[in-house]
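Reading through the structure tokens given below for one structure.
The values are calculated or read from the model by the stated rules, or taken from the named source; none is laboratory data. In this text the structure is predicted, and so the values were computed from the model without any measurement. Cβ coordinates were reconstructed from backbone atoms using ideal geometry, including for glycine residues, and neighbour counts include every protein chain displayed.
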């Protein structure tokens, strides 16, 4: 299979999944002469769905970006195992609208947070599996990749998994703190300084050992 076929499949799935997220925000049926106060009152219940939309959309963007790097830049060729890992990854990605809707409707429920968190962990671990296979399999050719780039990809892939693993038990103490951790994981992947911080921490400890 050529890169273009796999990239087109991935781009199509990500586009559909990211579009489906907005359908959770259903506009209420209001009379034409609705007042400003009434409109705000009716829109207020949509805030959890809006927050879930922003969180999940940006999360999907980070997954799409990582997939692009691993498949289009790091991998110079494909084999059947890498394609199968991609299929598993895309299958998990396609489920995100379901678990994000569950989280937005029942944001204070530990089971909803747990299901969303486990889902994020599975997606992240599958992405890490893809990344490890691309970088270290003798069957996949790579360009020259520095150790800092390898460490950066490790940090960006696994730190959100770590945050999700912490968020699940925290939901039994304070559900909103758990949701904040999910948000923090997204912010972490969108900012360069956070990755640099972990890289410096890793290389400093490695140099002192």
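May I ask you to verify whether residue 156 is at pLDDT 90 or above, within 17 Å of residue 66 (Cα to Cα), part of a helix (DSSP H, G or I) and in contact with a helix residue (DSSP H, G or I) (Cβ under 7 Å, 6 or more places away or on another chain)? Quick ask: steps written out before the conclusion?
Working: at pLDDT 90 or above: no; within 17 Å of residue 66 (Cα to Cα): yes; part of a helix (DSSP H, G or I): yes; in contact with a helix residue (DSSP H, G or I) (Cβ under 7 Å, 6 or more places away or on another chain): yes.
For residue 156, the condition - at pLDDT 90 or above, within 17 Å of residue 66 (Cα to Cα), part of a helix (DSSP H, G or I) and in contact with a helix residue (DSSP H, G or I) (Cβ under 7 Å, 6 or more places away or on another chain) - is not met.
Does residue 187 satisfy being modelled with pLDDT of 90 or more and within 14 Å of the chain's Cα centre (by Cα)? First the steps, then the outcome.
Details: modelled with pLDDT of 90 or more: no; within 14 Å of the chain's Cα centre (by Cα): yes.
So residue 187 does not fit the description; no.
Only residues in region 18-41 that are over 18 Å from residue 61 (Cβ atoms) count as the first member; pair them with residues that are assigned to a helix (DSSP H, G or I) and modelled with pLDDT under 75, Cβ under 8 angstrom, at least 6 apart or cross-chain, and list the lot.
Pairs found: none.
Name the residue, out of 78, 125, that is at pLDDT 85 or above and more than 17 Å from residue 7 (Cβ to Cβ). It would help to see each step written out before you state the result.
Numbers: 78 fails: more than 17 Å from residue 7 (Cβ to Cβ).
Selected residue: 125, the only one of 78, 125 that is at pLDDT 85 or above and more than 17 Å from residue 7 (Cβ to Cβ).
Hey, does region 54-75 have a residue that's surrounded by fewer than 17 Cβ atoms within 10 Å (Cβ to Cβ) and farther than 23 Å from residue 8 by Cα?
Yes, there is a match, as at least one residue in region 54-75 is surrounded by fewer than 17 Cβ atoms within 10 Å (Cβ to Cβ) and farther than 23 Å from residue 8 by Cα.
Being over 30 Å from residue 48 (Cβ atoms), touching a residue at least 40 places away in the same chain (Cβ under 8 Å) and either touching a helix residue (DSSP H, G or I) at 6+ places or on another chain (Cβ under 8 Å) or crowded, with 18+ Cβ neighbours inside 10 Å (or both), is that true of even one residue in region 118-129?
yes
Considering only residues that are surrounded by 13 or more Cβ atoms within 10 Å (Cβ to Cβ), within 15 Å of residue 97 (Cα to Cα) and out of contact with any helix residue (DSSP H, G or I) (no Cβ under 6 Å at 6 or more places or on another chain), which ones fall in region 23-53?
Listed by number, the residues that qualify are 50, 51.
Read through the list (1) out of contact with any helix residue (DSSP H, G or I) (no Cβ under 6 Å at 6 or more places or on another chain); (2) over 14 Å from residue 55 (Cβ atoms); (3) outside any loop (DSSP other than H, G, I, E, B); (4) modelled with pLDDT of 65 or more, then give the number of the only condition that residue 173 fails.
Tallying (1) out of contact with any helix residue (DSSP H, G or I) (no Cβ under 6 Å at 6 or more places or on another chain); (2) over 14 Å from residue 55 (Cβ atoms); (3) outside any loop (DSSP other than H, G, I, E, B); (4) modelled with pLDDT of 65 or more, residue 173 fails exactly one: (3).
Mind listing whichever residues of region 1-14 are in a helix (DSSP H, G or I) and either in contact with a helix residue (DSSP H, G or I) (Cβ under 9 Å, 6 or more places away or on another chain) or surrounded by 13 or more Cβ atoms within 10 Å (Cβ to Cβ) (or both)?
As a first pass, look at region 1-14 and keep what is in a helix (DSSP H, G or I): 3-14.
Within region 1-14, 3, 6, 7, 9, 10, 11, 13, 14 meet the criteria.
Can you find, within region 105-149, the residue that is nearest to the chain's Cα centre (by Cα) among those that are more than 20 Å from residue 72 (Cβ to Cβ) and in a loop (DSSP other than H, G, I, E, B)?
Looking at the filtered set, the residue picked out is 107.
Among the residues of region 62-77, are any closer than 29 Å to residue 44 by Cα and in contact with a helix residue (DSSP H, G or I) (Cβ under 8 Å, 6 or more places away or on another chain)? Explain how you work it out, then say what you get.
Here is the first cut: in region 62-77, the residues closer than 29 Å to residue 44 by Cα are 62.
Still in the list and also in contact with a helix residue (DSSP H, G or I) (Cβ under 8 Å, 6 or more places away or on another chain): 62.
Within region 62-77, one or more residues are closer than 29 Å to residue 44 by Cα and in contact with a helix residue (DSSP H, G or I) (Cβ under 8 Å, 6 or more places away or on another chain).
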